[in-house]
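Every number in this text was worked out from the coordinates using simple rules, so none of it is lab data. All of these numbers come straight from a predicted model, not from anything done at the bench. For neighbour counting, all protein chains shown are included, and Cβ atoms are generated from backbone atoms with ideal geometry for every residue, glycine included.
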Amino acid sequence: MANLTSEQAVTIWRQWSMDKDPQKLSQLLSYVHPTIQHRVGQFASAPVANVNIEAQAKKEAVLAMQSFDPSKGASLRTHVSNRMQKVFRYVSQRQNIGRIPEHRVTKISLFKTAKDELFQKFGREGTTIELAEYLKWSPQEVARMEAEQRKDLGHSLSFQDQAFTDFSRNMETINFAYFSMTPQEQLVYDYSVGAHGKQRIKASEIARKLGVSPSQVSKIKRKISEKIMKHTR
C-alpha cells in the first residue's frame, strides 16, 4: 500500500480514525514509510540504535495521524514530516546514555522497545499489565521502570471523582477492580490518579494519549467507577 495516492490515504485515515483498525494503521505507516526513513537516515552516526530511532519515528507518525486534520490544508505526509522533528529531541536525550551501567542500559532498551512495539500494535500506550506480560516482568517492576523513565511535568491537579480517590487508598480493592478493567480503562485510571508509574495528567491529555475525545474519557471514568463500586460492595 506504499503506492497509495494522497486521496486514498486520507480515505483510509478517515476510516482508521473511526475504527482504529490495526490493518488500516499498517497501510498508513507503509504510506508514510519514506518520510520515516528520511528522518531516521539523518541519525546514521548517532550513538543510538537505529532500530530504536525507527521505532520512535513510527510512534511519532502514529501520534501525527491522531492529530491530523485534512481541513487545514496540509497533506498527511507533510503533517507526519512536521512531527518527525520530535525524533531529534529523542536522539538528543539519549546522547549521554553511556553513563548508565551496561546491564541497566539493556533493561531500559528492552522496556522502551516493548513500549514502542505495543504502541504500534494497539495505536495507544501499552498498559502496565500488557507490558509485564510482553516483557515477562512483574507488574511492580514495570511500574518502577515507568516511574524512573517518566518526567515530572509539574502538573497540579485536583481530581474530583471521589470514587477514584477513595478507591486509590484501598490497594486490596484496587487489585480486584483493576484486573477487571479493559486495557483502555486501566490507562485512564493510571493517568487519572498517577498509578503504576504513570504521571497524573488532565482528562484532555488522557484523551490525546488514547486518541479519543474528552467526552469518551468521561464515559470511561464512569465505567471504571461502576467497577469500583462493584468491588467495594
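General observations
- The stretch between Asp19 and Ser75, if pulled fully straight at 0.36 nm per residue, gains 18.0 nm over its current Cα-Cα span.
- Each semi-axis of the equivalent ellipsoid for region 1-92 is √(5λ) with λ an eigenvalue of the Cα gyration tensor; in descending order they amount to 24, 13, 11 Å.
- Residue pairs exceeding 22 angstrom between C-alpha atoms, taken from Lys112/Lys223; Lys107/Lys136; Lys59/Lys223; Lys121/Lys223; Lys24/Lys58: Lys112/Lys223; Lys59/Lys223; Lys121/Lys223.
- Inter-label distance, nm, simple model (7 Å from Cα along the C-beta direction), Lys86/Ser26: 2.5
- Between Ala49 and Glu205, the FRET efficiency estimated from the beta carbon spacing at R0 = 45 angstrom works out to 0.95.
- With a Förster radius of 25 Å applied to the C-beta separation of Glu226 and Gln140, the computed FRET efficiency comes to 0.40.
- Cα→Cβ-extended label distance, 7 Å offset, between Ser67 and Asn3, nm: 3.4
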